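Every number in this text was worked out from the coordinates using simple rules, so none of it is lab data. Model, not experiment: these values are computed from the prediction. Here Cβ is always computed from backbone atoms with ideal geometry, including for glycine, and neighbour counts include all displayed protein chains.
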Amino acid sequence: MKYKTKLTVYFAVILMCVSLMAFAGGGQDVQEQTNDELTVALSAGITSLDPQGHNDTKSEKVSFLVFNRLFKLNTDFKVVPDLAESWEQPSETEWLIKIKEGVMFHDGSEMTAEDVAFSLNRSKEMPKVQQVLSEVKSVDVVDKYTVKVTTNSAFAPFLYTLVHAGTSILPKAYIESGDEFANPVGSGPYVFTEWVSGDKVVVDKYDNYFDKNNMGQSSKITFKVIPEGTSRTIALETGEVDVIAEVQTIDKNKVSDNGELKLHEVPSTRLNFFEMNTEKAPFDNQLVRQAMNYAIDKEAIIIVALEGAGIQADSVLAPSFLGYKAGPYSYNPEKAKELFAQAGYPDGFEITITTSGDDRKRMAEVIQASLMDVGVTASIEMLEWGTFIDSAINGNFESLVLAWTSNPDPDATLTPRFFSGNINGMNFSRINDPKIDQMLKDGREELDLGQREKTYNEFHEYVMNQATMVPLFVNNILVGSNASLKGVELSPQGLWNIEKIHF
Amino acid sequence: MYHFLIKFIAVIKYEQIGGTVLKYIIRRLLLLLPVMLGVIFLVFFIISLTPGNVASMILGDGATDERIVELREEMGLNDPLIIQYGRYMGSLLRGDMGVSYADGRSVAGEIGQRFPNTFKLTITAIILSVLISIPIGVISATKQYSIFDNLGMILALIGISMPSFWIGLILIIAFSLNLGWFPSGGMSGVMSLILPAFTLAIASTASITRTTRSSMLEVIRQDYINTAKAKGVSKNKVITKHALRNALIPAITVIGLEFGVLLGGAVLTETVFSWPGIGRLMVQSIQRKDTPMVLGCIIVFTLSFSIVNLLIDILYAYLDPRIKENYK
């Protein structure tokens, strides 16, 4: 009997300890959500509250609400002023930017040119974003509300660089206080409240926001991390979250068929491509590369690898970019065979497609099947991601399947990808063509928008004729929301202007 | 964990074996040091063998080669591995686990935020599975081949075979989506703990039940059980007092192992239920080649696993005085 009692007491004590430990802190925060609050699900946690301490789209969503930049992008990818009141160019390399007066930081201090110059200079020093303003030579304070930015050379994409989260304007005094972003102070429509690592970030509406036309619409926004795609969709269905920034493709119909939910879909800037190493046979032959553009069935790839959530790609950028022009190719196996014969490969050849990851493997398999129809035998080589990127950079491949998500200015993609100086960098095809280099330079330096558009038009035409890659498709961004939400907007970079969303 | 230690030490003192067992505990804790050193050493070198360049990963796309070389130099990544290891151990011994390569946050702070979440989940899951599995195991053994036994064993087999992410999703669909009883994920109070804890508990319940049943079957065939029965001891008393105490030893070993493993984070369950635990943190850090964070997670994992095992060993002594003799 003694033993039995002891055992019971023992279990009871453990149970008590455990309940105390397990439930301490729990329970009190059962969410009582009013209709005034918004919950947004993200697929991964943010990495930093410092807008200059990250370079990822999840952290960006929070940074955009808490901080402002001099300029921002609208949903059509056009640059519009945010903090900037006016700007002018005294010379090709100088920009005078005047900021709005009376912009108040969350700590009650007013933003001045001092803060702007400090922030832009800091941005150039921060490891994660130092490349954004690499063309900027110096930033100087002119008067209380004006700064002068000097660039290394005439640099057309300059205003586009100022929309990056890494160029957010921070209060100088706050950074110098050494708080290390435990309680970040910005000027944006929302004030930072709480960050629970791996779980959620909470921001509250800032009533003193300077831009009365773009005030936050919900009183509170919670970003919840839900890494698993199915769990995200279910959370939307149960109403635990109001918006999911990424709907996984297999749940597309589940969301669109549900009367209480709404699916938003827009082409992204993420271009998936089949890249050929122009230094290796048979891809050193331009005719072969062109033939590959006729040989691959892109529609099949979109259906198999993407459940239809994408659009066919016809050039080296997504269609939303300045100066975009579609290439001359369409799916035509006969034409491909003809070109292969002309190039001296009437009986086809063997190639290796290198890639990494399940999605890209599926894409490679469809390409493999397409190529079989035109007499090309492709074998697929799967590598671990780090090794794959190393091989791509070092040219240790014949062909590869990869994707590239572009920043809004065409130059930010085209120079890394096609400039001869970036061989052993992101110029995976290793194309080394003085004409391409010159066109890239012209595009960077042309300040007249119409002329710049023309330059890029020609660039698309020329580079598609060189055919260093087969553009496959551009992914669609899928956002799911509660059907009664208003103000849900998408740009090619995903969920946009979150401050405008409300019930 | 601390509460447990206090509790056990109290029990031991009460049993007046404090001196020897306390010495044993201290010896075991000291033995932990070489284990930790070995584990850190191995993990450090294994991570260094994985491909990928930390500096270019930190700097992201578009970083210049010069900047990458500079940063590698700044971070000391160009030094020989053994020097890097020495430097890491040096600061670790001063109690500094370093900062994450990926986001510059303190490793100790991040783990301090995440580990309690994993602990909450694990302890609830283990309690749940012990409360379910021990009675089922005992009844299955005493009524061997009965309907109850067969049913119990079939359930255990199913529990062991089903992958946790699948069970998790099914539970979410049934109890969150259709019935709306529990939140589908996240960490918001007691209700959000139940589904993930239950998911975790299912697999361990299955193995603990099977172990309890088989060791119970072995014990109730022993002569001393027959003796006790022959002396006219009631059936319940024979089972609870004479048989269970001995049969519990293998079951407790399994409980300890399950507990230790779960404390290392249950990646799949944490992912399905968006639970901000240490398992997800570790996997994410491995993918990012975030050496300080991975090492931090491994240290916590090794420590908690070892401490749980130590507690289990002490529990043996409490259950079986013969084992206690060995501790001297």
Open item on the list: What do you get for the angle between helix A:358-373 and the principal long axis of chain A? Use alpha-carbon atoms, 0 to 90 degrees, nearest ten.
Closed with: 20
Open item on the list: If I take the Cα coordinates of chain B and project them onto the principal axes, what are the three extents in Å, biggest first?
Closed with: 86, 56, 32
- [ ] Place the peptides A:160-170, A:392-402 in order of packing, highest mean first, counting for every residue the other Cβ atoms within 10 Å and averaging per peptide.
- [x] A:160-170, A:392-402
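For chain A, what is the calculated [θ] at 222 nm in deg cm²/dmol (nearest 500), taking -39500 (n - 2.57) for each run of four or more DSSP H residues and dividing by its residue count? Let's see the in-between values first.
Working: 15 runs with 164 residues, N = 503.
It lands at -10000 deg cm²/dmol.
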TODO: Take the alpha-carbon centre of the range A:90-131, take the same for the range A:283-348, and report the distance between them in whole Å.
DONE: 44
Task: Extent along principal axes [Cα atoms of the range A:154-296; Å; largest to smallest] - done: 62, 51, 32
Task: Per-bin percent of Cα-Cα distances, the range A:360-444 [10 Å] - done: 16, 38, 32, 14, 0
Open item on the list: I need the Kirkwood Rh of the range A:347-503: take the reciprocal of the average 1/r across all distinct C-alpha pairs and report it in angstrom.
Closed with: 18.4
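Size of the dipole of chain A about the Cα centre, Lys and Arg at +1 and Asp and Glu at -1 on the beta carbon, nothing else charged, in debye to 20? Don't jump to the answer; show the numbers that get you there.
Values: 45 positive and 71 negative charges, 177 e Å.
Approximately 860 debye in magnitude.
Please arrange B:M75, A:M126 by how many other C-beta atoms lie within 10 Å of their C-beta, fewest to most.
On the way: B:M75 14, A:M126 18.
Starting with the residue having the fewest Cβ neighbours, the order is B:M75, A:M126.
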Open item on the list: I'd like the Karplus ³J(HN,Hα) series for the range A:91-102: coefficients 6.51, -1.76, 1.60, θ = phi - 60°, whole numbers in Hz, and an x wherever there's a Gly or Pro.
Closed with: 8, 4, 10, 10, 10, 9, 10, 9, 9, 5, 8, x
Open item on the list: Given contacts defined as C-alpha pairs under 8 Å and at least six residues apart, what's the relative contact order of chain A, whole-number percent?
Closed with: 19
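Over all alpha-carbon pairs in the range B:195-328, figure out the percentage whose distance exceeds 28 Å.
Cα-Cα pairs of the range B:195-328 separated by over 28 Å account for 37 percent.
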Task: At most 12 other Cβ within 10 Å, DSSP loop - trypsin sites (Lys or Arg not before Pro), the range B:192-263 - done: B:R221, B:K231
Task: Residue (of A:V203, B:F115, A:Y174) at the positive-pole extreme of the protein assembly as shown, dipole from beta-carbon charges - done: B:F115
Task: In sequence order, calculated HN-Hα J values of the range A:388-403 (Karplus, 6.51, -1.76, 1.60; Hz; x Gly/Pro) - done: 4, 5, 4, 5, 4, 5, 8, x, 8, 7, 9, 8, 9, 10, 7, 10
Task: Proxy reagent accessibility, fewest Cβ within 10 Å first, across B:K23, B:K120, A:K262 - done: B:K23, A:K262, B:K120
TODO: Starting from one equal scatterer on each C-alpha and no solvent at all, send me the Debye-based log10 I(q)/I(0) for chain A at q = 0.11, 0.12 Å⁻¹, two decimals.
DONE: -1.01, -1.15
Task: Helix axis angle, B:291-319 relative to chain B longest principal axis, alpha carbon, degrees - done: 20
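Where Lys and Arg each count +1 and Asp and Glu each count -1, what net charge lies around A:K144 among other residues with Cβ under 13 Å from its Cβ?
Details: positive: A:K98, A:K100; negative: A:E85, A:E101, A:E110, A:E114, A:D115, A:D143.
Net local charge, A:K144 excluded: -4.
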Open item on the list: Using only the alpha carbons of the range A:158-207, what is the convex hull's orientation-averaged projected area in square nanometres?
Closed with: 4.8
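Taking the Cα centre of the range B:230-283 as origin, work out the dipole magnitude from +1 charges on Lys and Arg Cβ and -1 charges on Asp and Glu Cβ, in debye rounded to 20. The partial results should precede the final answer.
Numbers: 6 positive and 2 negative charges, 120 e Å.
Dipole magnitude for the range B:230-283 comes out near 580 debye.
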Open item on the list: Quick check on my link table: of A:K200/A:K252; B:K120/B:K235; A:K124/A:K200, which ones sit more than 32 Å apart, alpha carbon to alpha carbon?
Closed with: B:K120/B:K235
Open item on the list: Give me, ordered by chain and number, the residues 5 or more places off A:V142 or on other chains with an amide H under 5 Å from its own placed amide H.
Closed with: A:V147, A:K148
Task: Label-point separation, B:L303 to A:K148 (7 Å along Cα→Cβ), nm - done: 5.6
Open item on the list: Quick query: amide H of A:K72 versus all other amide H atoms, modeled in the peptide plane; which residues come in under 5 Å with a sequence gap of 5 or more or a different chain?
Closed with: A:V80, A:D82
Task: Greater than 22 Å apart at Cα, pairs in A:K100/A:K220; B:K229/B:K324; A:K137/A:K172; A:K128/B:K289; A:K128/A:K148; A:K61/A:K486 - done: A:K100/A:K220; B:K229/B:K324; A:K128/A:K148
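Would you kindly work out the equivalent ellipsoid of the range A:175-235 from its C-alpha gyration tensor and give its semi-axes, the square roots of five times the eigenvalues, largest first in whole Å? Mind showing how you got there, number by number?
Details: eigenvalues 130, 69, 11 Å².
So the three semi-axes of the range A:175-235 are 26, 19, 7 Å.
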TODO: Determine, for B:Y224, A:Y456, the number of other Cβ atoms within 10 Å of each Cβ, and report the residues in order from fewest to most.
DONE: B:Y224, A:Y456
Open item on the list: Please compute the alpha carbon radius of gyration of the range A:43-125, then divide it by the globular-protein estimate 2.2 N^0.38 Å. Two decimals is fine.
Closed with: 1.21
TODO: Please give the helix B:81-93 orientation as an angle from the longest Cα principal axis of chain B, in degrees from 0 to 90, rounded to the nearest 10.
DONE: 60
